[in-house]
Amino acid sequence: MASEQTLVASAASDDPQQGLRAVRALRELADRLETLQVERARSLGWSWERIADALGVSKQAVHKKFGRRI
Amino acid sequence: MFERFSREARGAVIEAQLVARATHTRAIDSRHVLVAIAESDGGPARSALTEAGVDVVQLSRSLRADLAGASGLDATALAAIGIDLDEVRRATDATFGDGSFDGVAGRSQRGGKHIPFTPDAKKALELGLREAVRLGASGIDSGHLLLGILRGGSPAAKALQSALAEAGSDDSALRDAVARGSHAA
């Protein structure tokens, strides 16, 4: 049973479907972590500029994405 | 349009938002509404589904699983590239508080707490209105919503059709069941 599952898993790993789902999951993961981290940084008094700098994006971009809700 | 909805039809629309929160989906499509209908305590739609032989528990369970997968956070796909989602969740919750990793899903979308309806869900509601008119009903009840979903050709319609097929039933049987309930009301 266990070896059967391993086989299924390894067969799936070179499947584009699996790979694309992983990419999508990574985006979702990054979105969630970004939101949590930006919220925390703001609550600790970080400026938008400093947050943008750490994220490697423009101040306008980060403010547009989070400014209204944080 | 909402002022013409019956109390339980409104309830289904409200419940659909809770389904979206619970499954961490970013928009409400007709599957959310169908889950809400399938899980309702009673009402014309639920009666029609039961009458048509649909296993409503199984239907809502498979739709919920489908929706949870649609949030994109696929643990199996992440594990295949060496990321342990449970570990990420544990570490994140340790820093930001219990439940923060899953709780943030609703916030990491534009517009904050409001969960928008997809065009597919709006279309199902509009088709529900047409079904009510066609059946000569004075308002839109959950049975009409159900037929609206069935007509939409959406993933929800397909799920509903396959649930009907599994029960050895079909679209027209469900339509008839709703029509009977609609006349009785």
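Pairs, please: C-beta under 8 Å, at least 6 apart or cross-chain, first residue under 14 Å from residue B:44 (Cα atoms) and in the stretch B:165-179, second of a type in the set (D, E, K, R) and surrounded by 16 or more Cβ atoms within 10 Å (Cβ to Cβ)?
Matching pairs, first to second residue: B:177/B:51; B:178/B:131.
Name the single residue that is modelled with the lowest pLDDT among those in the stretch B:138-164 being out of contact with any Asp or Glu (no Cβ under 8 Å at 6 or more places or on another chain) and over 22 Å from residue B:41 (Cα atoms).
Here the answer is B:153.
What residue, among those in the stretch B:1-46 that are modelled with pLDDT of 90 or more and among the hydroxyl-bearing types (Ser, Thr, Tyr), is nearest to residue B:180 (Cα to Cα)?
Within the stretch B:1-46, the match that is nearest to residue B:180 (Cα to Cα) is B:6.
Is it fair to say residue B:80 is surrounded by fewer than 16 Cβ atoms within 10 Å (Cβ to Cβ) and at pLDDT below 90? Let's see the steps before the verdict.
Values: surrounded by fewer than 16 Cβ atoms within 10 Å (Cβ to Cβ): no; at pLDDT below 90: yes.
No.
Answer yes or no: is there a residue in the stretch A:58-68 that is farther than 23 Å from residue B:92 by Cβ, within 13 Å of chain B (Cβ to nearest Cβ) and of a type in the set (D, E, K, R).
There is at least one residue in the stretch A:58-68 that is farther than 23 Å from residue B:92 by Cβ, within 13 Å of chain B (Cβ to nearest Cβ) and of a type in the set (D, E, K, R).
Name the one entry in B:102, B:93 that is among the acidic types (Asp, Glu) and modelled with pLDDT under 90.
On the way: B:93 fails: modelled with pLDDT under 90.
Step by step, each of B:102, B:93 is checked, and only B:102 is among the acidic types (Asp, Glu) and modelled with pLDDT under 90.
The values are calculated or read from the model by the stated rules, or taken from the named source; none is laboratory data. Since we're looking at a predicted model, the values are computed, not measured. Note that we place each Cβ from the backbone using ideal geometry, even for glycine, and neighbour counts take in every protein chain shown.
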